[in-house]
Amino acid sequence: MLFWKEFKKTAASLLYVVYILAVIAAYVTQFAPELEEPVAKPVPGLEDYGTIAKEVPEVLMKEASAGLREEFLRESYDAYPMGFYREVHLTEEKTKQMKEVLNELSTDPLTYERFRELMRRADQLIGGGSRYCDAYLVRYFSNVPKTYEDALEEYELFLHKDKVMGGYARLFCDYMGVLVASILPAFLGAALGVKDRRAKMEEVVYGKAVASFHLIFTRFFAALAAAALPVVLLAAAATIQVGKLYPDDILDRTAFFRYAGFWLMPQMMVSMAVGMLFSHLADRPVGILVQGIWWLFAMCGKTGVLTGSIGRFDLIPRHNSLLKAGEFLDRIGNLAFNRTFYTLLSLGLVFLTTGIYEQKRRGKAFGTKRFKNHMPHKSEI
């Protein structure tokens, strides 16, 4: 069976051993410390329960206006369009319009409704994706002290809505998504693009009586299965460990597997597909570099925002908290769109790889003309 053969090729490689070690290292150093003790129920009377992003008009209006004024004075604005960081410098005309926005913000009194309109206007002048858009405004400018009631509500959601495992599964995906799912599969994908050339097997492989579509997609999903295997095993280990921390609670023991499939798998698919496509294109492992650049830009776009940061086109969704289920649920629609988008994108990239591979088999592109007259007849294979 072709799938099993390709799976064994990936699993038997030294690169795969290194990949497994990197996955385990990420788990042990990032997620495993969260499994040392259970989340304690908040008790009344404490001085500090942390902070919470809550829409408090008087706080939001003061802090957001100050933030916009600061960026206006330094003549640059931080924005994250499409999930990527961008430093924006306004034209002279837009600077004048932004000054008008700030002048009106300093008007006393100013209604909250008008304030929100002015924030949207500021975001529009910046080009979208700024800290003043509806998606980011409260998170950046209205973090207020958490009350006992707030803390207790979060804890109750953790127990009864997440059934404990949901919170841990999200945190697992957050940590594993940063490195394991976003960049490491690109190495395995790149290996698929260069392994035949390195083994000096181009003429044999290009001449095989196997359809390009069948061969490339089988290779892709076989390598993906190999990449997913250690993640699934670690999810199982985490499920067991969390069960030991909360022996008397009702636990959702499928949560790690559901979240990993829904959250991490599309990320792994697109990372591997990028590595595969560009490495087939160049006959060199340049797909790692391409994915690495994308990964760096995606990480820059997450600076300072680690919880509830789930944009529709973010390569790396973040929810770095066992709690705050409400913030996550508010953005579940974004995550569903995001993961569907990246699944379809990865399949499209693999389809493009198929076209490149087919052209190489026919000796019509990418410096592979030498194979055209050397493709063995089916009877020779």
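Residues in the range 223-241: is at least one assigned by TED's automatic domain parsing to the domain that holds A22 and within 20 Å of E156 (Cβ to Cβ)? Taking every residue of the range 223-241 in turn, none turns out to be assigned by TED's automatic domain parsing to the domain that holds A22 and within 20 Å of E156 (Cβ to Cβ).
Evaluation of L335 against the conditions (1) closer than 16 Å to A169 by Cβ; (2) within 11 Å of the chain's Cα centre (by Cα); (3) open to solvent by 10 Å² or more (accessible area, probe 1.4 Å) shows that the sole unmet condition is (3). Being at pLDDT 95 or above and open to solvent by 10 Å² or more (accessible area, probe 1.4 Å) is a property that does not hold for L322. Against the numbered list (1) assigned by TED's automatic domain parsing to the domain that holds L171; (2) surrounded by 11 or more Cβ atoms within 10 Å (Cβ to Cβ), P33 comes up short only at (2). When you scan the range 77-97, do you find a residue that is closer than 30 Å to L234 by Cβ, modelled with pLDDT under 95, assigned to a helix (DSSP H, G or I) and not assigned by TED's automatic domain parsing to the domain that holds V231, even just one? Yes.
Residue check: K41 meets all listed conditions (1) part of a helix (DSSP H, G or I); (2) farther than 30 Å from S182 by Cα but one, namely (1).
Taking into account only those residues within the range 100-115 that are open to solvent by 30 Å² or more (accessible area, probe 1.4 Å) and farther than 13 Å from K62 by Cβ, which is modelled with the lowest pLDDT?
The residue in question is P109.
When V28 is tested against (1) loosely packed, with under 13 Cβ neighbours inside 10 Å; (2) farther than 29 Å from A186 by Cα; (3) free of Cβ contacts under 8 Å to residues at least 40 places away in the same chain, only condition (2) is not met.
Flag: G127 does not match the condition of being among the small types (G, A, S) and open to solvent by less than 20 Å² (accessible area, probe 1.4 Å). Scanning the range 1-50 for residues that are of a type in the set (D, E, K, R) and closer than 23 Å to C173 by Cβ returns E34, E36, E37.
Examine the range 282-301 for a residue that is modelled with pLDDT under 85 and closer than 24 Å to E34 by Cβ, and state whether such a residue exists. Yes, the conditions are met somewhere in the range 282-301.
Name the residue that is surrounded by the most Cβ atoms within 10 Å (Cβ to Cβ), counting only residues in the range 130-166 that are in a loop (DSSP other than H, G, I, E, B) and among the acidic types (D, E). If we take residues in the range 130-166 being in a loop (DSSP other than H, G, I, E, B) and among the acidic types (D, E), then D162 is surrounded by the most Cβ atoms within 10 Å (Cβ to Cβ). Is at least one residue of the range 266-278 in contact (Cβ under 8 Å) with a residue 24 or more places away in the chain, more than 30 Å from H160 (Cα to Cα) and open to solvent by 30 Å² or more (accessible area, probe 1.4 Å)? Yes, because at least one residue in the range 266-278 is in contact (Cβ under 8 Å) with a residue 24 or more places away in the chain, more than 30 Å from H160 (Cα to Cα) and open to solvent by 30 Å² or more (accessible area, probe 1.4 Å).
Considering only residues that are open to solvent by 80 Å² or more (accessible area, probe 1.4 Å) and not in a helix (DSSP H, G or I), which ones fall in the range 55-67?
Within the range 55-67, E55 is the sole residue that qualifies.
Take A169 and decide whether it is open to solvent by less than 10 Å² (accessible area, probe 1.4 Å) and either at pLDDT below 95 or assigned to a loop (DSSP other than H, G, I, E, B) (or both). Here the answer is no, as A169 does not meet what is asked.
The values are calculated or read from the model by the stated rules, or taken from the named source; none is laboratory data. Please read all numbers here as calculations on a predicted model, not as lab measurements. FYI the Cβ positions are ideal-geometry reconstructions off the backbone, even for glycines, and counts take in every protein chain you see. Side chains included, ligands, DNA and RNA excluded: accessible areas come from the protein's heavy atoms. Shrake-Rupley method; radii C 1.70, N 1.55, O 1.52, S 1.80 Å.
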